[in-house]
Amino acid sequence: MTPFTSSRAQSVAAHGERKLIAGIRRWLGRASPVSPFGIGDDCAVIPPTRHHQLVTTDPVIWGQHFDATVPARAVGAKLLKRNLSDIAAMGGRPVAAVVSLALAPQTSVRWLEQFYRGLAACALDHNVKIVGGDITQGPTGFFGAFLTLHGESAGRRVITRSGARAGDSIYVTGSLGGSLLGHHHAFTPRLDEGAWLAGRPEVRAMMDVSDGLAKDLDSLTPYGLVPALDARAIPMSAAARRRARITRKTPLAHALGDGEDYELLIVVRAGTDKLERDWRKRFPKLKLSRLGRFVPKNQFPADALRLADYHGYEHLR
């Protein structure tokens, strides 16, 4: 189902902004607190905290992040979960969010209600308050929802993308590839895992895999070093293998380049094996795979995977 309708009576144009905002309040329900901690004022009020503050933003746009095969409720949930994954990658916990919409006049009110109900359900699941936002008119055929998520560190420490050193091990959670077959909106943000990893002193750096491992790993790689990965260690999903049968590419190419995996990519201090043992006890249902290590460029093994032969998702190209 698309976000649009050919019936003016069923469109946002027939409602107008005030009526639509009143509907959004109803659709969000308990996910949005009362003013000034929710919708209603020029700014939302977020209570102070002693933890490190985290802010991230990500959109969902019709034709780019979803199509008519994705239910409206799943689109609303995906909008929040994309941002939750960023918070997880720094070892944080989410607190509150604002949502801005750019709507074509033909946007269906029925579709928009289901979008907000999906967003609200996801927000309640993760204890996130939807505290405000904005609505503006977009061009015909356009739907864009833009969420900014405020969070805080789960403990004393936040994990950034910098900090890797020669010899450090590279890990990833879960499996990779084939997200187009449903995972891109049906994934689980790794919030518990990220917070746990942030409390481990041997973890040096971390990020989530959103544009594909072949591209994203570059953001963790220090100057003068390269990732030496074992192709056999890449955890390929069943969906990556199914996509390979359709596209005639290899499952490995899909695992490295499809993007929207939303798994955690982790750098761990060299010589540390305890993390793997503790992980299996703490998260027995989620696989943690050691992919390889960082090495100086002049020590790149001949049998290591050459990531330059693969491509992740490149925005604006």
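The values are calculated or read from the model by the stated rules, or taken from the named source; none is laboratory data. Bear in mind that the values here come from a model prediction, so they are computed numbers and not experimental data. All Cβ positions, glycine included, derive from the backbone under ideal geometry; neighbour counts span all protein chains shown. Protein only, heavy atoms only, side chains kept; ligands, DNA and RNA dropped before computing areas. Shrake-Rupley method; radii C 1.70, N 1.55, O 1.52, S 1.80 Å.
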> Quick one: ranking Leu252, Leu84 by accessible area, 1.4 Å probe, largest first, what do you get?
Replying inline: Leu252, Leu84
> Which one of Thr160, Leu147, Ser179 is farthest out on the positive end of the charge dipole of the stretch 98-188, using unit charges on Cβ (Lys, Arg +1; Asp, Glu -1) and the Cα centre as origin?
Replying inline: Thr160
>> Could you work out what % of the accessible surface of the chain is carbon and sulfur, using a 1.4 angstrom probe and leaving DNA, RNA and ligands out of the count?
In response: 50
>> Around Ser153, under 12 Å between beta carbons, what's the net of Lys plus Arg minus Asp minus Glu among the other residues?
In response: +3
> Can you give the angle from 0 to 90° between the axis of helix 238-247 and the longest principal axis of the chain, with both taken from C-alpha atoms, to the nearest 10?
Replying inline: 80
>> Compute, for the stretch 266-317, the length of the dipole vector about the Cα centre, with Cβ point charges of +1 (Lys, Arg) and -1 (Asp, Glu) only. Units Debye, rounded to 20.
In response: 360
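If you add up the charges near Val268, with Lys and Arg at +1 and Asp and Glu at -1, over every other residue whose beta carbon is less than 13 angstrom from its beta carbon, what do you get? Please report the intermediate quantities before stating the final value.
On the way: positive: Arg165, Arg200, Arg204, Arg269, Lys274, Arg277, Arg290, Arg293; negative: Asp168, Glu202, Asp273, Glu276, Asp278.
It works out to a net charge of +3.
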>> With angles folded into 0 to 90 degrees, how steeply does helix 109-125 sit against the dominant principal axis of the chain? Use alpha carbons for both and round to 10.
In response: 50
>> Below 16 Å, Cα to Cα, which lysines can Lys81 reach? Residues fewer than 8 away in the same chain don't count.
In response: Lys129
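Highest first, please rank the peptides 146-152, 287-293 by the mean number of other Cβ atoms sitting within 10 Å of their residues.
Put in order of decreasing packing, that is 146-152, 287-293.
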> When the Karplus curve 6.51 cos²θ - 1.76 cosθ + 1.60 is applied with θ = phi - 60°, which whole-Hz ³J(HN,Hα) does each residue of the stretch 88-94 get, with x for Gly and Pro?
Replying inline: 4, 5, 10, x, x, 10, x
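Just how large is the dipole of the chain about the Cα centre, in debye to the nearest 20, putting +1 at every Lys and Arg Cβ and -1 at every Asp and Glu Cβ? Don't skip to the end; give the middle numbers.
Details: 43 positive and 29 negative charges, 157 e Å.
In total the dipole reaches around 760 debye.
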> List the lysines whose alpha-carbon lies under 27 Å from that of Lys274, not counting same-chain residues fewer than 8 positions away?
Replying inline: Lys285, Lys287
>> In the chain, if the dipole is taken from +1 on Lys/Arg beta carbons and -1 on Asp/Glu beta carbons about the Cα centre, which of Ala231, Ala96, Thr221 is farthest to the positive end?
In response: Ala231
> When Lys and Arg each count +1 and Asp and Glu each count -1, what net charge do the other residues less than 11 Å away from Val55, Cβ to Cβ, add up to?
Replying inline: -2
> On full extension of the chain, what length is gained from Asp67 through Arg161, given 0.36 nm per residue of separation minus the C-alpha to C-alpha distance?
Replying inline: 30.7 nm
> Where only protein heavy atoms count, and the probe is 1.4 Å, what is the accessible area per residue for the chain in Å²?
Replying inline: 49
>> Are there any trypsin sites (Lys or Arg not before Pro) in the stretch 20-57 that are in a DSSP loop and have at most 13 other Cβ atoms within 10 Å? List them by number.
In response: Arg50
> What shape does the stretch 212-258 take by its C-alpha gyration tensor, where a ≥ b ≥ c are the square roots of the eigenvalues and a/c under 1.5 counts as rounded, a/b above b/c as prolate, and the rest as oblate?
Replying inline: prolate
>> Is there a quick way to get the dipole size of the stretch 24-124? I mean about its Cα centre, with the Cβ of Lys and Arg at +1 and of Asp and Glu at -1; what is the value in debye to the nearest 20?
In response: 360
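What's the long-distance tail for the stretch 158-306, i.e. % of Cα pairs beyond 20 Å?
So the pairs more than 20 Å apart make up 46 percent of the total in the stretch 158-306.
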> If the chain were replaced by its equivalent ellipsoid, with semi-axes equal to the square roots of 5 times the Cα gyration tensor eigenvalues, what would those be, largest first, whole Å?
Replying inline: 38, 24, 15
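May I have the convex hull volume per residue, in Å³, for the Cα set of the stretch 252-317?
146
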> Is the shape of the stretch 51-168 best called rounded, prolate or oblate, per the rule: a/c under 1.5 gives rounded, else a/b larger than b/c gives prolate, else oblate, with a ≥ b ≥ c the square roots of the Cα gyration tensor eigenvalues?
Replying inline: prolate
